[in-house]
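Undergrad: Starting off with a structure, shown below.
The values are calculated or read from the model by the stated rules, or taken from the named source; none is laboratory data. Here the structure is a predicted model, which is why all the values come from computation and not from measurement. Don't worry about glycine lacking a Cβ; one is built from the backbone with ideal geometry, like all the others, and counts go over all protein chains shown.
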Amino acid sequence: METKAILRNIHLSTQKSRLVANLIRGKSVEKAINILSFNRKKCAIIIKKVLESAIANAEHNNGEDIDTLKVKAIYIEKASIVKRFFARAKGRGNHISKKFCHIYVIVSSN
């Protein structure tokens, strides 16, 4: 049975997050947590928390065995962009785009 966990509006770039998500797609849960624990990127910590939430959902809501779980799907979607600017010389301004994303993790016992 499939169980999922969702984290919305997290302050990460989708492009940088997908690099880490590709590392754990299709792996067993134990191996995925091990990979994320030793990855030095900021998004690895956040994705690990979402994965642990999906594992807890599978155990509590569906009574799944943790040892048989695999990461069936993980995908990162683009969310809103907060636009800011900072002042430059001669009355000009440069744009800053602060990007957000949604993280979806689906674990399955198959």
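Undergrad: Identify, from the list Lys83, Lys72, the residue that is of a type outside the set (Asp, Glu) and surrounded by 12 or more Cβ atoms within 10 Å (Cβ to Cβ).
TA: Lys72
Undergrad: Exactly one condition in (1) of a type in the set (Val, Ile, Thr); (2) within 11 Å of the chain's Cα centre (by Cα); (3) crowded, with 19+ Cβ neighbours inside 10 Å is not met by Val29; state its number.
TA: Going through the list (1) of a type in the set (Val, Ile, Thr); (2) within 11 Å of the chain's Cα centre (by Cα); (3) crowded, with 19+ Cβ neighbours inside 10 Å, Val29 breaks only (2).
Undergrad: If I go through the stretch 61-103 residue by residue, how many of them are more than 21 Å from the chain's Cα centre (by Cα) and without any contact (Cβ under 8 Å) to a residue 24 or more places away in the chain?
TA: 15
Undergrad: Can you confirm whether Ile103 is modelled with pLDDT of 95 or more, farther than 21 Å from Arg8 by Cα and among the β-branched types (Val, Ile, Thr)?
TA: no
Undergrad: Are any of the residues in the stretch 76-94 closer than 15 Å to Asn9 by Cα, touching a helix residue (DSSP H, G or I) at 6+ places or on another chain (Cβ under 8 Å) and among the hydroxyl-bearing types (Ser, Thr, Tyr)?
TA: No, there is no match, as no residue in the stretch 76-94 is closer than 15 Å to Asn9 by Cα, touching a helix residue (DSSP H, G or I) at 6+ places or on another chain (Cβ under 8 Å) and among the hydroxyl-bearing types (Ser, Thr, Tyr).
Undergrad: Report the residue count in the stretch 14-26 for those that are under 11 Å from the mean Cα position of the chain (by Cα), in contact (Cβ under 8 Å) with a residue 40 or more places away in the chain and either within 22 Å of Ser108 (Cβ to Cβ) or surrounded by fewer than 17 Cβ atoms within 10 Å (Cβ to Cβ) (or both).
TA: Here the count works out to 4.
Undergrad: Turning to a different aspect of this structure: Give me the pairs, please: first residue somewhere in the stretch 45-58 and within 11 Å of Ile33 (Cα to Cα) and free of Cβ contacts under 8 Å to residues at least 24 places away in the same chain, second residue anywhere and crowded, with 19+ Cβ neighbours inside 10 Å and among the hydrophobic types (A, V, I, L, M, F, W, C), beta-carbon distance under 6 Å, and either six or more positions apart or on two chains.
TA: These pairs meet every condition: Lys48/Leu36.
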